[in-house]
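So the structure is just underneath, and the comments pick up after that.
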Amino acid sequence: MTSEPGSYDEETLVKAKRVQHIRKADRDSLWFLGDNVQIIFDASHTEGKLLLAWQQMAPGATPPLHEHAVEDEMFFVLEGSITYWSVGREFTAGPGDAVLLPVGVPHTLQADPEVGATFLLLTSPTGFEDFLREVSEPAEYDGPKRGWQMDEETARKLTAAAGKAQINIIAPPGVRP
């Protein structure tokens with residue numbers, strides 16, 4: 001701690017080097033299973049503690065039923081709504097709502113079929129961004145990829161990356177726990 005403004009100890013000066021300001025234009029913008037995912041802060045920014053990403057899902061988009069062996073997933077809905085299914089639970093979250101899906105709990109979700117959804121995604125610890133990058137392709141514009149459909153190459157990449165990331169793909173999109 002310091003006793004007066006402008007007088008900082010060595011530890012504070014080292015920590016201050018981690019202060020970040022990420023502009024939208026400087027984010028990795030990816031298409032992950034058709035969703036537009038923009039990685040804001042990853043392991044390189046947070047010493048492996050937290051991933052923060054902005055994500056936009058197309059109307060009705062849904063990932064496979066899956067569970068994470070490493071990270072908790074947290075969602076903060078900005079626009080639209082998302083219906084979540086986990087073991088014995090089903091609920092819909094709208095703008096301003098937050099959701100925690102703990103490590104080891106099978107789950108899936110679906111964006112509103114009419115308007116889709118935009119949200120902040122947080123995972124802790126980090127590592128999920130490596131999975132996202134491995135499966136994704138660079139986004140050519142903001143928003144979900146128009147006309148996206150799962151193909152064999154993406155399914156192979158998803159399976160391989162999920163194994164490395166310790167994400168268990170339980171069933172295809174549309175199957176509920």
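Once you place label points 7 Å from the Cα toward the Cβ at residue 97 and residue 166, how far apart are they in nm?
For residue 97 paired with residue 166, the spin-label model returns 3.0 nm.
Distance from the Cα centre of the stretch 23-58 to that of the stretch 79-99, in angstrom?
What the calculation gives is 20 Å, centre to centre.
Any idea what the relative contact order of the chain is, in percent, if you count C-alpha pairs under 8 Å spaced at least 6 apart? It would help to have the intermediate numbers written out before the result.
Values: 390 pairs, mean separation 51.5, N = 177.
Relative contact order here is 29 percent.
Which links in 15/164; 24/145; 24/49; 49/157; 15/145 stretch past 29 Å when you go from one Cα to the other? Mind dumping the intermediate values first?
Numbers: 15/164 31 Å; 24/145 18 Å; 24/49 22 Å; 49/157 26 Å; 15/145 39 Å.
As for pairs spanning more than 29 Å Cα to Cα, those are 15/164; 15/145.
Does the stretch 57-124 come out rounded, prolate or oblate, given a ≥ b ≥ c as the square roots of the eigenvalues of its C-alpha gyration tensor, rounded meaning a/c under 1.5 and, failing that, prolate meaning a/b above b/c?
Values: a/c = 1.86, a/b = 1.46, b/c = 1.27.
Prolate, because a/c is 1.5 or more and a/b exceeds b/c.
Given the rule -39500 (n - 2.57) for each run of at least 4 DSSP H residues, summed and divided by the residues of the chain, what is its mean residue ellipticity at 222 nm, to the nearest 500 deg cm²/dmol?
On the way: 4 runs with 33 residues, N = 177.
Mean residue ellipticity, 222 nm, calculated: -5000 deg cm²/dmol.
How big is the stretch 58-177 on each of its three principal axes, counting only the C-alpha atoms and giving the largest first in Å?
If we take the Cα atoms of the stretch 58-177, the spans are 33, 33, 26 Å.
Are there any GluC sites (Glu not before Pro) in the stretch 72-166 that are in a DSSP loop and have at most 11 other Cβ atoms within 10 Å? List them by number.
Details: sites: 73, 79, 90, 114, 129, 134, 140, 152, 153; in loops: 114, 140.
Those that pass, being in a loop and sparsely packed, are 114, 140.
Just round it to a whole percent: the fraction of Cα-Cα distances in the stretch 1-134 exceeding 19 Å. Before the final figure, lay out the partial values.
On the way: 4914 of 8911 pairs.
Considering the stretch 1-134, 55 percent of its Cα-Cα pairs are separated by more than 19 Å.
Enter the angle in degrees (range 0 to 90, nearest 10) between the Cα long axis of helix 152-165 and the first principal axis of the Cα atoms of the chain, meaning the one along which they spread out most.
The angle comes out near 40 degrees.
Quick one: putting +1 on the C-beta of Lys and Arg, -1 on the C-beta of Asp and Glu, what dipole do you get for the chain around its Cα centre, in Debye to the nearest 20?
Numbers: 15 positive and 27 negative charges, 34 e Å.
Once rounded to the nearest 20, the dipole reads 160 debye.
If you wrap the stretch 1-47's Cα atoms in a convex hull and average its projection over all directions, what's the area in nm²?
Numbers: hull surface 18.8 nm².
Mean orientational projected area (the stretch 1-47, Cα hull): 4.7 nm².
List the residues whose amide H sits under 5 Å from the amide H of residue 65, counting only those 5 or more places along or on another chain, with H placed 1.01 Å from N in the peptide plane.
Excluding prolines and chain starts, which carry no amide H, the hits are 170, 171, 174, 175.
No value in this document is a laboratory result; all are computed from the given coordinates. From a predicted model like this one, the values you see are computed outputs, not experimental measurements. For neighbour counting, all protein chains shown are included, and Cβ atoms are generated from backbone atoms with ideal geometry for every residue, glycine included.
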